[in-house]
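Trainee: The structure that follows is given in the form of structure tokens.
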């Protein structure tokens with residue numbers, strides 16, 4: 001028997017606030033194990049997409065790293081385009097778009113933590129790593145077992161882009177760790 005998750009459950013599982021600053025690639029998000037209904041998928045995607053755009057706008061202003069700024073601009077460009085495709089898929093599925101005039105509580109809290117972080121780049125990268133790990137799992141799940149054909153097609157179409165984002169943020173995370181270790185080693189010598 002399939003387990004169907006509500007919008008609140010999907011949001012809590014897939015896009016919870018990040019407890020750790022990084023997530024190993026081996027970690028499997030819980031959302032991948034259960035089917036997701038159309039309403040939950042729509043709500044989660046709408047809020048997550050807004051978070052990607054808003055947090056990346058902040059990154060363009062606050063980041064000290066050019067590679068992070070390039071990634072942030074890619075997030076804004078790609079998620080703005082995805083939002084337009086998403087709206088069309090939601091309409092085709094006869095689903096209701098949620099109000100995204102402001103972020104939901106979880107995404108707002110994450111954005112506030114990242115924005116106030118002492119090491120903005122590290123926290124932004126960690127938030128993006130968590131968000132994209134969860135998004136890839138959610139989109140894989142929905143593209144395989146979703147109940148709405150237009151939303152399944154949207155999920156399948158967007159999945160390669162989300163995987164590309166995940167790969168890019170994993171590289172940023174690795175370079176962030178490598179850069180921090182090199183900085184500490186240089187500081188210790190000097």
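Trainee: Exactly one condition in (1) in contact (Cβ under 8 Å) with a residue 40 or more places away in the chain; (2) outside any loop (DSSP other than H, G, I, E, B); (3) under 22 Å from residue 59 (Cβ atoms) is not met by residue 162; state its number.
Mentor: Condition (1) is where residue 162 drops out.
Trainee: Has segment 92-110 got any residue that is part of a helix (DSSP H, G or I), out of contact with any helix residue (DSSP H, G or I) (no Cβ under 8 Å at 6 or more places or on another chain), modelled with pLDDT of 95 or more and under 17 Å from residue 37 (Cβ atoms)?
Mentor: No, that holds for no residue.
Trainee: Follow-up. Regarding segment 16-32, can at least one residue be identified that is crowded, with 17+ Cβ neighbours inside 10 Å, more than 14 Å from the chain's Cα centre (by Cα), closer than 23 Å to residue 126 by Cβ and modelled with pLDDT of 95 or more?
Mentor: no
Trainee: Just one of 122, 130 is assigned to a helix (DSSP H, G or I) and touching a helix residue (DSSP H, G or I) at 6+ places or on another chain (Cβ under 7 Å); which is it?
Mentor: 122 is the lone residue from the list that is assigned to a helix (DSSP H, G or I) and touching a helix residue (DSSP H, G or I) at 6+ places or on another chain (Cβ under 7 Å).
Trainee: Sticking with this one: Checking residue 135 against (1) within 14 Å of the chain's Cα centre (by Cα); (2) modelled with pLDDT under 95; (3) part of a helix (DSSP H, G or I), only one condition comes out false. Which one?
Mentor: Just one mismatch for residue 135, condition (2).
Residue-by-condition table, conditions (1) surrounded by 17 or more Cβ atoms within 10 Å (Cβ to Cβ); (2) within 22 Å of residue 64 (Cα to Cα):
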site: 117; (1), (2): no, yes
site: 123; (1), (2): yes, yes
site: 138; (1), (2): yes, no
site: 144; (1), (2): no, no
site: 167; (1), (2): no, yes
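The values are calculated or read from the model by the stated rules, or taken from the named source; none is laboratory data. Keep in mind it's a predicted model, so treat the numbers as computed, not measured. Here the Cβ is made from the backbone with ideal geometry for all residues, glycine too, and neighbour counts use every protein chain on show.
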